[in-house]
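This report refers to the structure that appears directly beneath it.
The values are calculated or read from the model by the stated rules, or taken from the named source; none is laboratory data. What you see is a predicted model; the values in this text were computed from it and never measured. In this analysis, Cβ positions are derived from the backbone assuming ideal geometry, glycine residues included, and neighbour counts consider all displayed protein chains.
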Amino acid sequence: MPQEIVDATSLFGFWASRTVDISLPRLLEIMDKYSIAKTACVSTTGMFFDAEGGNDETWQATQAHPNLIPVATVDPRRYRGCAAEIERRAAQGFRMFSLFPETQGWEVDSALFAGVRPALSAAGRPVMIEASDPGDPSRIARAAEGTAFPIILAGINYRTLAEAIAIMKADPRVHLETHSLTAVESIDLVAAEAGADRLLFGSYAPLNYTSSSLLMVQYCGLSDADKEVILGGNLLRLLGAA
């Protein structure tokens, strides 16, 4: 098992449609319970209401807790100011960007993503994008043509797994976070087809159960070396911290 576990996707704040504690103290408690050394996190304020305010909350949390990796977001539906926000947050020190087309209700292959794509390319940070519905991985691949930033598909599940693998085999910069890979041997399948170096452990904590996501990696059929890079090394490499 790895010397340290690094979670590629977590959040904090509140979730209006579910009665669940996803506060920052709860996230830190979960990290301690499961010996997670670092986690990439985003404030849900940025997801649902105000990207700039949410990014401020994320930055403040990560400055107070160095084991949190700052992830910025923008809402392309706002249109004005998105490119400037991306540039500002990259300069500030955010390590990754995360986009939520499904949560926010916009299409990744629309003009909305095209409007922020140049700024994301210039920032050069990994970009995580929700891809839980059939067709999403293909739409993301088409929308990101001509860019160079690493892409992380988030929320891939049994309905989108085969499509995601096809995209990963065609584009070596595409990675996949694991929090929805709950089908038996799904992690083994991705590793066999696209390589273990393309998988990033993600929990989506505190909204989802960390134990489920962690056990799926720890008890898959891969070698200890492969599990180690999935549970931390791959994300650190993408973020330039390996």
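Checking each residue in region 34-51 for being of a type outside the set (Lys, Arg) and surrounded by 19 or more Cβ atoms within 10 Å (Cβ to Cβ) picks out ILE36, THR39, ALA40, CYS41, VAL42, SER43, THR44, THR45, GLY46, MET47, ALA51.
Yes or no, residue by residue, for (1) touching a residue at least 24 places away in the same chain (Cβ under 8 Å); (2) part of a loop (DSSP other than H, G, I, E, B); (3) within 26 Å of THR210 (Cα to Cα):
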site: SER138; (1), (2), (3): yes, no, no
site: ALA148; (1), (2), (3): yes, yes, no
site: LEU153; (1), (2), (3): yes, no, yes
site: ILE156; (1), (2), (3): yes, yes, yes
site: ALA164; (1), (2), (3): yes, no, yes
site: LYS169; (1), (2), (3): yes, no, no
site: HIS175; (1), (2), (3): yes, no, yes
site: LEU189; (1), (2), (3): yes, no, yes
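A Cβ distance below 9 Å, combined with a sequence gap of six or more or placement on separate chains, defines the contacts here; from region 76-101, residues that are touching a residue at least 12 places away in the same chain (Cβ under 8 Å) and on the phi < 0 side of the Ramachandran plot reach residues that are in a strand (DSSP E or B) and of a type in the set (D, E, K, R) in the pairs SER98/GLU130; LEU99/GLU130; PHE100/GLU130; PRO101/GLU130.
Taken together, the residues in region 79-102 that are part of a loop (DSSP other than H, G, I, E, B), closer than 25 Å to PRO137 by Cα and of a type in the set (D, E, K, R) amount to 1. Buried (at least 19 other Cβ atoms within 10 Å of the Cβ), over 15 Å from LEU200 (Cα atoms) and in contact with a Phe, Trp or Tyr (Cβ under 9 Å, 6 or more places away or on another chain): does that describe ILE22? Against the criterion (buried (at least 19 other Cβ atoms within 10 Å of the Cβ), over 15 Å from LEU200 (Cα atoms) and in contact with a Phe, Trp or Tyr (Cβ under 9 Å, 6 or more places away or on another chain)), ILE22 qualifies.
Among the criteria (1) β-branched (Val, Ile, Thr); (2) within 29 Å of ASN67 (Cβ to Cβ); (3) buried (at least 20 other Cβ atoms within 10 Å of the Cβ), the one THR103 does not fulfil is (3). Within region 44-60, residues that are within 18 Å of MET128 (Cα to Cα) and in contact (Cβ under 8 Å) with a residue 40 or more places away in the chain sit with their Cβ atoms under 7 Å from residues that are buried (at least 17 other Cβ atoms within 10 Å of the Cβ) and of a type in the set (Phe, Trp, Tyr), at 6+ positions apart or across chains, in these pairs: MET47/PHE100.
So which residues in region 16-31 are among the polar types (S, T, N, Q) and at pLDDT below 95?
Answer for region 16-31, where residues must be among the polar types (S, T, N, Q) and at pLDDT below 95: SER17, THR19.
The residues of region 1-15 that are under 19 Å from LEU99 (Cα atoms) and modelled with pLDDT under 95, listed by number, are PHE14, TRP15.
Within 15 Å of THR210 (Cβ to Cβ), in contact with a Lys or Arg (Cβ under 9 Å, 6 or more places away or on another chain) and buried (at least 21 other Cβ atoms within 10 Å of the Cβ), is that true of VAL74? No. Pairs meeting the criteria (first residue in region 6-26 and touching a residue at least 60 places away in the same chain (Cβ under 8 Å) and within 15 Å of HIS65 (Cα to Cα), second residue aliphatic (A, V, I, L, M) and part of a loop (DSSP other than H, G, I, E, B), beta carbons under 7 Å, at least 6 apart or on different chains) are LEU11/ILE22; LEU11/LEU207; PHE12/ILE22.
Quick check: is even one residue across region 65-78 part of a helix (DSSP H, G or I), at pLDDT 95 or above and among the polar types (S, T, N, Q)? Within region 65-78, not a single residue is part of a helix (DSSP H, G or I), at pLDDT 95 or above and among the polar types (S, T, N, Q).
Every listed requirement among (1) within 13 Å of the chain's Cα centre (by Cα); (2) within 21 Å of TYR79 (Cβ to Cβ) is met by PRO118 save one, (1).
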